[in-house]
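Engineer: First, the structure itself, so that you have it in front of you.
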Amino acid sequence: MRSEMLTYGLLALLAIGLLTAAFTDLKRRQIDNWLNAAIALAAPAFWWASGLDLWPGAAWQIGVAALTFAVCAGLFALRMMGGGDVKLLAALALWIRPEHFAWLVVWMSLIGAVLTIVFAAWHIARRQQGRAAIPYGVAICAAGLLTLADKSLPLLQGQLG
């Protein structure tokens, strides 16, 4: 590992970015492009600090992120996912090890289902017309934070000893 302090600092910044994305999605139903770009552009610094090889390590990260973007862009075209959510999940894929990304998607789906039920119930209780707006970025951020806490931090701790 090149720099444990830098690695943890970058993970802390990612956590702050994810919390900011969740808050803005709750408040405005929007995740800003500058935030998604900052998360994506900071990933190579994290790769370097954590000692990830360019080949095949970084290549796998980029491949998973590209595939995530392509699949989610299709969901966006079908109006099943928001544009900010697509970009956030693809940017987050640059940080999560490929072997842990499925774990993130499972947690995101479970949290998203609960979030959908809560917001739909609230929408019905308030007798509002139309579809309930679900801030799915909250589910993406929560799953990202859970994945980082459960998968990334123990691995980093194992490398320190």
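Engineer: Could you give the angle, 0 to 90 degrees to the nearest 10, between helix 59-77's Cα long axis and the longest principal axis of the Cα atoms of the chain?
Structural biologist: Between helix and principal axis, roughly 10 degrees.
Engineer: Restricting to Cα pairs below 8 Å that are 6+ residues apart, what does the relative contact order work out to for the chain? Please round to a whole percent. Working shown, then result.
Structural biologist: Values: 152 pairs, mean separation 47.0, N = 161.
Relative contact order, the chain: 29 percent.
Engineer: I would also like to ask the following. Residues of the chain: accessible area per residue at 1.4 Å, in Å²?
Structural biologist: So the chain comes to 57 Å² accessible per residue, rounded to a whole number.
Engineer: With an 8 Å Cα cut-off and a minimum separation of 6 or more residues, compute the relative contact order for region 1-89 in percent.
Structural biologist: About 34 percent, as a whole number.
Engineer: Say the dipole of region 26-106 comes from +1 at the beta carbon of Lys and Arg and -1 at that of Asp and Glu; which of Pro98, Gly84, Gly51 then lies farthest toward its positive end?
Structural biologist: Comparing the listed Cα positions along the dipole, Gly84 ranks first.
Engineer: Let me ask something else. Let's see if you can work this out: charge +1 on each Lys and Arg Cβ, -1 on each Asp and Glu Cβ, no other charges. What is the dipole magnitude of the chain about its Cα centre, in debye to the nearest 20?
Structural biologist: It comes to approximately 680 debye.
Engineer: Tell me the carbon and sulfur percent of the accessible area for region 6-113, rounded to whole percent, probe radius 1.4 Å. Please report the intermediate quantities before stating the final value.
Structural biologist: On the way: 4290 of 5690 Å².
Looking at region 6-113 in its full context, I get 75 percent from C and S.
Engineer: Taking only DSSP H segments of four or more residues, each worth -39500 (n - 2.57), what value at 222 nm results for the chain once the sum is divided by all its residues, to the nearest 500 deg cm²/dmol? It would help to have the intermediate numbers written out before the result.
Structural biologist: On the way: 7 runs with 120 residues, N = 161.
-25000 deg cm²/dmol, from helical runs alone.
Engineer: Among Val64, Thr20, Ile124, which residue has its Cα furthest toward the positive end of the charge dipole of the chain, with +1 on Lys/Arg Cβ and -1 on Asp/Glu Cβ?
Structural biologist: Result: Ile124, furthest along the dipole toward the positive end.
Engineer: In the Gaussian network model of the chain, springs joining C-alpha atoms below 10 Å, which of Leu18, Leu78, Leu89 carries the largest mean-square fluctuation?
Structural biologist: Fluctuation is largest for Leu78.
The values are calculated or read from the model by the stated rules, or taken from the named source; none is laboratory data. Every value quoted in this text rests on a predicted model; they were computed, and no experiment measured them. Heads up, the Cβs are rebuilt from the backbone with ideal geometry, glycines too, and the neighbour counts pull from every protein chain shown. The protein model used for the area step is the full one, side chains on, heavy atoms only, and it has no ligands, DNA or RNA in it. Shrake-Rupley method; radii C 1.70, N 1.55, O 1.52, S 1.80 Å.
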